[in-house]
Amino acid sequence: LLPPIVEVLPVRGARIAMVPHASHVYVAGEDDPVALEIMVRQAEWVLDQPRPISGYAFRLQDGEWRPWLPAPSHALYQRFRTLQLRSAFEAYMAQGELLHALENRKDDAEQCFVATFMVGSRRPDDPPRSATAWTEGVATLLPQVDELFFVRGSVKTGHRMVGSAPWGRVMEIMGDQMEPQGLYPERYRVLEFPTDQQLKALTAE
């Protein structure tokens, strides 16, 4: 419903839209920092109200709305990214509860562990990032995150992290062993933990 309305709005640059609530739609130009600042400020406020919808911003491109973030160097990048992470966290939490219930109905040999979508920072002054853990020997449904942590061990012997890698590198090296489930938000089913050689490639600086 939006394009016929949005296309007549006088904006600077490509059209960026947010729908943080059923009664709030914001549109700004990609090349208008003042309008974008007003948009993100309003969205931050609306998302704290009851029944929010989404903190994602979308860019109208070739007639389709696609998730959008400004460049990392943009002054508003982190504010838009924080809203996006917040919505992703809430969506994965709700999805995780449903998946846990479904997996518990399966036989033990067929169950997958539903990995947690975490948001945090390594240091207080670092921007927030999403992360999850991939544990050896455990069939897992992985959420799509910024960074994957690889874990070895067991409850009996204790767990230890053996490295981490950004999502793009994991997909490049392990993508053929990660089965997308066609969910929203997407998860990937993994059965085989990376080999030592793959781990070395994944965690190389």
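Tell me yes or no: at least one residue of region 143-156 is more than 28 Å from residue 102 (Cα to Cα), in a strand (DSSP E or B) and either at pLDDT below 95 or touching a Leu at 6+ places or on another chain (Cβ under 6 Å) (or both). Walk me through how you get there before you give the answer.
Quick first cut of region 143-156, residues more than 28 Å from residue 102 (Cα to Cα) only: none.
The answer is no; no qualifying residue exists.
The set of residues in region 40-77 being among the small types (Gly, Ala, Ser) and more than 16 Å from residue 22 (Cα to Cα) consists of 63, 71, 73, 75.
Mind listing just one residue for me: the one in region 1-14 that is part of a loop (DSSP other than H, G, I, E, B) and within 22 Å of residue 45 (Cβ to Cβ) and, of those, modelled with the lowest pLDDT? Lay out the reasoning, then the answer.
To start, the set of residues in region 1-14 that are part of a loop (DSSP other than H, G, I, E, B) comprises 1, 7-14.
Going one step further and asking which of them are within 22 Å of residue 45 (Cβ to Cβ), we end up with 9, 11.
Values: 9: 85, 11: 91.
The extreme case among them is 9.
Only residues that are of a type in the set (Ser, Thr, Tyr) and within 17 Å of residue 15 (Cα to Cα): list them for region 60-91, please. Can you show your working first?
Within region 60-91, the first condition is being of a type in the set (Ser, Thr, Tyr), and the residues that meet it are 73, 77, 82, 87.
Passing the criteria: only 77.
Take the conditions (1) at positive phi; (2) open to solvent by 70 Å² or more (accessible area, probe 1.4 Å); residue 163 misses just one of them, which is (2). Quick check: is even one residue across region 95-109 open to solvent by less than 80 Å² (accessible area, probe 1.4 Å), at pLDDT 95 or above and touching a helix residue (DSSP H, G or I) at 6+ places or on another chain (Cβ under 6 Å)? Checked region 95-109: no residue is open to solvent by less than 80 Å² (accessible area, probe 1.4 Å), at pLDDT 95 or above and touching a helix residue (DSSP H, G or I) at 6+ places or on another chain (Cβ under 6 Å).
Count of region 38-54 residues, restricted to those that are in a loop (DSSP other than H, G, I, E, B), open to solvent by 70 Å² or more (accessible area, probe 1.4 Å) and not aliphatic (A, V, I, L, M), is 3. Any chance region 118-126 includes a residue that's at pLDDT 95 or above and either open to solvent by less than 60 Å² (accessible area, probe 1.4 Å) or part of a loop (DSSP other than H, G, I, E, B) (or both)? No - not one qualifying residue is present in region 118-126. Residues of region 55-65 that are over 13 Å from residue 6 (Cβ atoms) and open to solvent by 90 Å² or more (accessible area, probe 1.4 Å): 62 alone.
How about region 186-200: which of its residues are exposed (fewer than 15 other Cβ atoms within 10 Å of the Cβ) and either among the basic types (Lys, Arg) or in contact (Cβ under 8 Å) with a residue 24 or more places away in the chain (or both)? Steps first, please.
Looking only at region 186-200, we keep the residues that are exposed (fewer than 15 other Cβ atoms within 10 Å of the Cβ), and these are 186, 189, 191-192, 195-197, 200.
Hits for region 186-200 are 186, 189, 191, 200.
Here is a list: 35, 75, 28, 17. Which entry is open to solvent by less than 60 Å² (accessible area, probe 1.4 Å) and not in a strand (DSSP E or B)?
Values: 75 fails: open to solvent by less than 60 Å² (accessible area, probe 1.4 Å); 28 fails: not in a strand (DSSP E or B); 17 fails: not in a strand (DSSP E or B).
The unique qualifying residue is 35.
The values are calculated or read from the model by the stated rules, or taken from the named source; none is laboratory data. Model, not experiment: these values are computed from the prediction. Quick reminder, even Gly has a Cβ in these numbers, built from the backbone with ideal geometry, and neighbours come from all protein chains shown. The accessibility values were calculated without ligands, DNA or RNA, using every heavy atom of the protein model including side chains. Shrake-Rupley method; radii C 1.70, N 1.55, O 1.52, S 1.80 Å.
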